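Structure first, then comments.
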Amino acid sequence: MADYFGPFLSKKLNDCRTCHVPESTESKDPIAADKKPHNVFGARLKAVKKELAKDGKKTDIMSRLEAIAEEDSDGDGVPNLIEILTGHFPGDPDDKPTEEEVAAARKTLLEFQKYRSGYPWRPFEVVQRPVVPKVKNSAWVGNPIDAFLAVEHEERGLTPKPEAARAVLLRRVYLDLIGLPPTPEELHAFLDDKSDDAYEKVVDKLLASPQHGERWGRHWMDVWRYSDWAGWGAEVRDSQPHVWRWRDWIVESLNADKGYDQMIVEMLAGDEIAPEDPNTLRATGYLVRNYKRYGREKWIQDSVDHTFLAFQATTLGCARCHDHQFDSILQKEYYQVRAVFEPYQVRIDRVPGQPDTTKDGVAHAYDGMLNAKTFLFIRGDDSTPDKTPLDPGVPEAMGGRFPKIEPIKLPRNAYLPDRREFVDKETVTSGVDNIKKAKAALETARVHAARAIAQAMLDNPLRIIPCFAAAQAALNTAGLAEVDAPLAEARQTALESILRVDHLEEAGKKYTEEWKLAATATVTAQRQVAVLEARRSVLVAQNAHAAAPASARAEPAKAIEAAQKALVAAEANAKQPAGTAYTPRPLPQFPTTSTGRRLAFARWIADCENPLTARVAMNHVWLRHFGQAIVPSVFDFGRNGRQPTHPALLDWLASEFMDQKWSMKAMHRLIVTSNAYRMASTSDPAMVAIDRDNKYLWRMPTRQAEAEVVRDCVFYVSGKLDATMGGAEIDQNLGLTTPRRSLYFRHAAEKEVEFLKIFDSADVVECYQRKSTVMPQQALALSNSELTLKHARVLARELAAGKDGQDASAFTIAAFERVLSRPPTEAELAECITFLKQQTERHAKAPPVVAGPDPDVKQAAADPALRARENLVHVLLNHHDFVTIR
């Protein structure tokens, strides 16, 4: 109803009672109370569905409303459409409009028909490419985007602003595409380039820059809820260590212009399409991020709910407890989607050079619970599941083509990751190192024991009391070392032997003579290891017994007895004929197949027949270029979401996106080269009177730069930003001192850079659209933080050391171009020159500053003129233009 009538539907009729009999207050069954019977209007809507289907016509609610618009369902003499426009219930004969209301509604009908004749917003239907409209202001139309906006301008009497000043436009597109401002050299090169495609050349350069992936990687990290691991101390409660590899995958994929459809498939099912490729496996960090140590139920809920919010802008989670109250999604369908995710688990695999997965590894998803069943939870309560398991599926109303689910047979390296070639090699190398260490320890222990005995002899020259207790510890250590050295060699022999057996089995040679010999040799080697380990256990037990006080030797004595029995058994076993029943290596083994559910699901999302995927993606891209989305409810395209300002434009962008093979860079270029994007952001009272909120984009909206841009630009303009890309997350407490880009710092619950939080960094839980606030803490952070004070001094000293650094005018111009990416106006230049003169005089009269040695910039400069220049740069870092994209 709301979709069909839009603003013409009264609040009174946006209610269940329009189609249903009011809920009985006598019913005590909450489930029965949800199943309200239809009134006569609702019953007619239900009946006409069958009639339309029989004739092969569309049966959606809009088609049904049109089919019965002229009927009078409740028999009160007023047609359904007119009665709805009056704000009265069309299924209640007692709620009859007056003649005056009917007359007013007939006048409103013309406006309603005009509204209905506009471009329909039907987000759950397959994208159809709209025709690019012809407009009067054709000179303003640089590409189809402009034409769709111009239609709205002309209908409302709006005049778009001319192109922004070149310096303003350059800074805008730099911050938009790479998150860093242009240098003075880049500014002057652009201003001096008089060619027709000067701007387009800049755009192409920025899109090819590796910084582009970092800038837009952070945007998509918002949408996909990136979070590093969280927990108390070393305890991991959310996400997983090393999930930063997913962050690097995002950046690299955007820089390579990987298709958005492929990115979706890799994030949701990378382990099923490339189970042996760590570069693809890391993409499933999207799913790893949902991990909850103490809440599997919440873990799976997040996977379901946020996947639909991010990729489909659909509030599927509303159907967890009951059928969706606004969209045509059944509760059963929610749990069918849940069945897609039910089997998946997360794990961390080794990477070359690091055997300890707590220090490094590839965190990724895999199907570890192949037999897990999904049940519908009655009213969403996991303690009251329905008894019938559900198969995986997707909501019928969302369309698209859901592929047949095919289980995937996995290669050995996927289900036995510690049997990979590099792991074997590193294990052998580690064994060789252990032998060297054991032999070195043996030599050291022998020397220490000899010295200890000699020292004991010197301490007791008469040997009246043989007091050699001081040497006993050294002798014990030496005794253990005498066993440890051959034990290390025996373990290495057993390892290399079992590796030979493994390789023969992989080559299909099991039970051949060659295999039997290798297996027999392995059994012999393993028995020798067992003997040496038993001997070592005896020594350990004897040492413990000797060290214990006489009153506490009962338990150590029992330990000696047990160890000796184990040694006798091991030695006896070693003398028996060796067979082929070797003991396999204790390696982790995972399922040999994957369900294929997530791959089918991912392909359904990434299919061009899916009505929402491209629309949602383009809405997010538009939001981040213009500061306002076409569909304001970016995570809800359903009936409870907000209507788009330019539905035809969004459909055209979605269609073009898919035609461009889901290329992000192609769409960025299209958007930023449009005249709409290049407009000035200055206001106009006449246009404000028509469209105060700039809903129809007659000017470029100004917006506050994101937290990461603010922080990165402080480092960048001072020449101190470290351009190193990728790698493990950096401690959030180093945000003011470590000069890496902001997206590389740890971002998790209770682990965020405080400076970024002040400037509205992404919410860790979800951030489909950044909030933008203006708080006094922001001004205080720029004014008083160590970050801005230090870098103001760094930049001022660099500029002052230049050839024109002592000239107030030249210094001011250089500072403006470096910090604000533009030259100062005449008024600004005059004001700054006066400021430098007055500040120099003020500092000259003040007590002298004791400055630290260069390059220490913790203290202000001792020279009054230089200190004044530091003050000016600090002021510019606090300038409104520094934190604004306009």
Legend entry - Single residue of the range 34-59 satisfying the filter (closer than 16 Å to C19 by Cβ and not in a helix (DSSP H, G or I)) that is most open to solvent (accessible area, probe 1.4 Å): K35
Inset, instruction - Output the residue which, of all residues in the range 145-165 that are open to solvent by 10 Å² or more (accessible area, probe 1.4 Å), part of a helix (DSSP H, G or I) and not acidic (D, E), is farthest from V131 (Cα to Cα). - result: R156
Legend entry - Scope the range 542-557; condition touching a residue at least 12 places away in the same chain (Cβ under 8 Å) and either farther than 21 Å from T477 by Cβ or touching a Leu at 6+ places or on another chain (Cβ under 6 Å) (or both); matching residues: A557
Legend entry - Verdict on D302 being free of Cβ contacts under 8 Å to residues at least 12 places away in the same chain, of a type outside the set (A, V, I, L, M, F, W, C) and under 29 Å from T592 (Cβ atoms): no
Inset, instruction - For residues that are open to solvent by 70 Å² or more (accessible area, probe 1.4 Å), under 23 Å from I178 (Cα atoms) and of a type in the set (D, E, K, R), tally how many sit in the range 755-777. - result: 3
Inset, instruction - Would you confirm whether any residue within the range 812-819 is under 24 Å from E870 (Cβ atoms), within 38 Å of the chain's Cα centre (by Cα), buried (at least 19 other Cβ atoms within 10 Å of the Cβ) and basic (K, R)? - result: yes
Legend entry - Which numbered condition I630 fails, given (1) farther than 30 Å from R886 by Cα; (2) touching a helix residue (DSSP H, G or I) at 6+ places or on another chain (Cβ under 8 Å): (1)
Legend entry - Conditions (1) open to solvent by less than 60 Å² (accessible area, probe 1.4 Å); (2) among the hydrophobic types (A, V, I, L, M, F, W, C); (3) out of contact with any helix residue (DSSP H, G or I) (no Cβ under 7 Å at 6 or more places or on another chain); (4) not in a loop (DSSP other than H, G, I, E, B); number of the one not met by L780: (1)
Inset, instruction - Sort through P417, P403 and tell me the only one that's surrounded by fewer than 17 Cβ atoms within 10 Å (Cβ to Cβ) and either farther than 30 Å from L495 by Cα or of a type outside the set (S, T, Y) (or both). - result: P403
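Quick grid of which residues meet (1) out of contact with any strand residue (DSSP E or B) (no Cβ under 6 Å at 6 or more places or on another chain); (2) modelled with pLDDT under 95; (3) open to solvent by 40 Å² or more (accessible area, probe 1.4 Å):
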{"site": "Q526", "(1), (2), (3)": "yes, no, yes"}
{"site": "A534", "(1), (2), (3)": "yes, no, no"}
{"site": "I560", "(1), (2), (3)": "yes, yes, no"}
{"site": "K565", "(1), (2), (3)": "yes, no, yes"}
{"site": "A570", "(1), (2), (3)": "yes, no, no"}
Legend entry - When residues of the range 72-118 are limited to those that are part of a helix (DSSP H, G or I) and hydroxyl-bearing (S, T, Y), the one least open to solvent (accessible area, probe 1.4 Å): T86
Inset, instruction - Look through the range 477-517, keep the residues that are over 20 Å from E443 (Cα atoms) and of a type in the set (A, V, I, L, M), and return whichever of them is surrounded by the fewest Cβ atoms within 10 Å (Cβ to Cβ). - result: A507
Inset, instruction - Taking the options V774, V794, name whichever one is hydrophobic (A, V, I, L, M, F, W, C) and not in a helix (DSSP H, G or I). - result: V774
Inset, instruction - Would you be able to tell me the number of residues in the range 238-269 that are open to solvent by less than 10 Å² (accessible area, probe 1.4 Å), assigned to a loop (DSSP other than H, G, I, E, B) and at negative phi? - result: 1
Legend entry - Answer from R598, R642, R624 - the residue that is over 30 Å from R500 (Cα atoms), out of contact with any His (no Cβ under 9 Å at 6 or more places or on another chain), open to solvent by 10 Å² or more (accessible area, probe 1.4 Å) and not polar (S, T, N, Q): R642
Inset, instruction - Would you point out which residue out of A372, A365, A438, A397 is assigned to a helix (DSSP H, G or I) and open to solvent by less than 40 Å² (accessible area, probe 1.4 Å)? - result: A438
Legend entry - Lone unmet requirement of (1) farther than 30 Å from S633 by Cβ; (2) free of Cβ contacts under 8 Å to residues at least 12 places away in the same chain; (3) open to solvent by 40 Å² or more (accessible area, probe 1.4 Å) for E798: (2)
Legend entry - Test: V126 is over 20 Å from T673 (Cβ atoms) and either open to solvent by 30 Å² or more (accessible area, probe 1.4 Å) or assigned to a strand (DSSP E or B) (or both): yes
Inset, instruction - Give me a count of the residues in the range 293-340 that are touching a Lys or Arg at 6+ places or on another chain (Cβ under 8 Å) and assigned to a loop (DSSP other than H, G, I, E, B). - result: 7
Inset, instruction - Evaluate the range 725-741: report whether one residue or more is in a helix (DSSP H, G or I), more than 26 Å from F882 (Cα to Cα) and open to solvent by 10 Å² or more (accessible area, probe 1.4 Å). - result: no
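The values are calculated or read from the model by the stated rules, or taken from the named source; none is laboratory data. Just so we're clear, the structure is a prediction, and the values are computed from it rather than from any experiment. Reconstructed Cβ throughout: ideal geometry from the backbone, glycine too, with neighbour counts over all protein chains shown. Note: areas computed on protein heavy atoms with side chains; ligands, DNA, RNA excluded. Shrake-Rupley method; radii C 1.70, N 1.55, O 1.52, S 1.80 Å.
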